[in-house]
């Protein structure tokens, strides 16, 4: 699985909004500066987030963006899907749309298992979890293996 720059920026922007959820709306410029995201790129992402209903915008001197619902109710998967579509696809198709034959036939259940695992982790972690630095135990446990931090 590969996380696109767009998905990474969208998650980081959503986390800024989650961290400031109880304060006034944040401007795109404030989020861009805090997360070192190119401002113009972030404006497009925030517009998509607004159109999807993930954030709401407010105009004026005290304007900016807010999450449309509590951070506890928005998973990391929700944000990634909003900008990039399905979490796991093969050649742009979802695993159930694929068909293999012969020795490759077992690839389909492998891709489906991968999809289920990724969904389980990313659907199980909310913006609030990450913003408060309190990952669910099952996710935090996966990071304890030193091999998780290195590339083979």
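The values are calculated or read from the model by the stated rules, or taken from the named source; none is laboratory data. These figures come from a predicted structure and were not determined experimentally. Note that we place each Cβ from the backbone using ideal geometry, even for glycine, and neighbour counts take in every protein chain shown.
From (1) in contact with a helix residue (DSSP H, G or I) (Cβ under 7 Å, 6 or more places away or on another chain); (2) at pLDDT below 95, pick out the condition that doesn't hold for residue 59. Unmet for residue 59, out of (1) in contact with a helix residue (DSSP H, G or I) (Cβ under 7 Å, 6 or more places away or on another chain); (2) at pLDDT below 95: (1). Note on the range 100-141: residues that are free of Cβ contacts under 8 Å to residues at least 12 places away in the same chain, in a helix (DSSP H, G or I) and over 18 Å from the mean Cα position of the chain (by Cα) total 9.
For the range 60-73, residues that are in contact with a strand residue (DSSP E or B) (Cβ under 6 Å, 6 or more places away or on another chain) and assigned to a loop (DSSP other than H, G, I, E, B) total 1. Please determine, by comparing only the residues of the range 100-152 that are touching a strand residue (DSSP E or B) at 6+ places or on another chain (Cβ under 8 Å) and under 21 Å from residue 75 (Cβ atoms), which one is surrounded by the most Cβ atoms within 10 Å (Cβ to Cβ). Checked the range 100-152; the qualifying residue surrounded by the most Cβ atoms within 10 Å (Cβ to Cβ) is 127.
Residues in the range 5-58 that are within 15 Å of residue 78 (Cα to Cα) and not in a helix (DSSP H, G or I): 52, 53, 54, 55.
In the set (1) without any contact (Cβ under 8 Å) to a residue 24 or more places away in the chain; (2) part of a loop (DSSP other than H, G, I, E, B); (3) crowded, with 16+ Cβ neighbours inside 10 Å, residue 87 fails one condition alone, (1). With the checklist (1) touching a residue at least 12 places away in the same chain (Cβ under 8 Å); (2) more than 17 Å from residue 28 (Cβ to Cβ); (3) buried (at least 16 other Cβ atoms within 10 Å of the Cβ) in hand, flag the one item residue 81 doesn't pass. Of (1) touching a residue at least 12 places away in the same chain (Cβ under 8 Å); (2) more than 17 Å from residue 28 (Cβ to Cβ); (3) buried (at least 16 other Cβ atoms within 10 Å of the Cβ), only one is false for residue 81: (1). Going through (1) at pLDDT 95 or above; (2) surrounded by fewer than 19 Cβ atoms within 10 Å (Cβ to Cβ) one by one, residue 97 falls short only on (1). Taking the conditions exactly as written (closer than 23 Å to residue 121 by Cβ, in contact with a helix residue (DSSP H, G or I) (Cβ under 9 Å, 6 or more places away or on another chain), surrounded by fewer than 13 Cβ atoms within 10 Å (Cβ to Cβ) and modelled with pLDDT of 95 or more), does residue 73 satisfy them or not? When the stated conditions are applied, residue 73 passes them.
Where residues in the range 14-54 are without any contact (Cβ under 8 Å) to a residue 40 or more places away in the chain and within 13 Å of residue 71 (Cα to Cα), which of them is surrounded by the fewest Cβ atoms within 10 Å (Cβ to Cβ)?
This residue is 22.
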